[in-house]
1. Let's see if you can work this out: charge +1 on each Lys and Arg Cβ, -1 on each Asp and Glu Cβ, no other charges. What is the dipole magnitude of the chain about its Cα centre, in debye to the nearest 20?
2. Taking 25 Å as the cut-off for C-alpha to C-alpha distance, list the pairs among LYS127/LYS170; LYS60/LYS138; LYS146/LYS170; LYS146/LYS173 that go past it.
3. Determine the distance separating the Cα centre of the stretch 58-95 from the Cα centre of the stretch 165-222; give it in Å without decimals.
4. With the dipole of the chain worked out from charges on the C-beta (+1 for Lys and Arg, -1 for Asp and Glu) around the Cα centre, which of PHE50, GLY39, GLY95 lies farthest toward the positive end?
5. Calculate the dipole size of the stretch 30-129 relative to its Cα centre from +1 charges on Lys and Arg beta carbons and -1 charges on Asp and Glu beta carbons; express the result in debye to the nearest 20.
6. Using the reciprocal of the averaged 1/r over all distinct C-alpha pairs, how large is the Kirkwood radius of the stretch 14-104 in Å?
7. For the stretch 63-185, take the alpha-carbon Rg, divide it by the Kirkwood Rh, and send me Rg/Rh.
8. Given the options THR58, THR209, THR81, which has the most mean-square fluctuation in a GNM of the chain, springs set between C-alpha atoms less than 10 angstrom apart?
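All of the numbers you see were taken from the coordinates with simple rules; none came from a lab. Only a predicted model underlies this, so the values are computations on that prediction, with no experimental measurement involved. Here the Cβ positions follow ideal geometry from the backbone for every residue, glycine too, while neighbour counts run over all protein chains shown.
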Amino acid sequence: HDEDGLYQRSFTVPETWRGLRVRIVFDGVMTDTTVTINGQSAGPTHQGGFYRFHYDITDKIKFGSENRLEVLVSKDSANLTVEEAERGADYWVFGGIFRPVWLEARPTQSIEWTAVDAKADGNFHAKVHLDGNGEADKVVARVMTKSGGAVGDPIEAPVEPGVPVEIAGKFEKVVTWSAETPNLYQVEFSLMRGTEVIHRTTERFGFRTMEVRPGQGVFVNGTR
């Protein structure tokens, strides 16, 4: 307890990334994390060890040349709620950077994250959350098998300012997911401006319906 660790690393950002938004992503750090880039604060100290966080460092880096990263990690959190949850309740005693750290280059308008709800009957619904500003006018979703084969036709929805893009469709003869038969599909989301692809992401998912029926228990795809 009451230990601090200082991580230091030099890295180069490609010149070809100029004009894009660059972020540094931490997949998991235990626990309070203070990040500086070239001596400048990347943002507020992050607290909480078990989820991904990131900083936009576009205005703090030098493109095409060397940059300096420093990460100060405090094993104990200054936030009493975090400390009690991670140490007092869950008994985690390790500290430091324990998951990958990487750089991402994104266009000025991009797909931030997506939520997929795909039912056992083939009904597909997704919310696509966007970040940044731009002139994108639609999002196109293309459902594929795990190996990349097309499933049905692409579906799309327009971009409306300030709200997630909601995409819905129905696919026939899908193979459902369960713990015994973990069949997976993938969906490719493309943020479009006319016919131009601005940003593209891919997610894995399974078609499944989970229910809790009063007095009966949990059902997956209609089976108890």
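1. Roughly 680 debye, rounded to the nearest 20.
2. Checking Cα-Cα distances, LYS60/LYS138 exceed 25 Å.
3. So the two Cα centres are separated by 34 Å.
4. PHE50
5. So the dipole magnitude of the stretch 30-129 works out to roughly 280 debye.
6. Computed over Cα pairs of the stretch 14-104, the Kirkwood hydrodynamic radius comes out at 14.0 Å.
7. My calculation puts Rg/Rh at 1.10.
8. THR81
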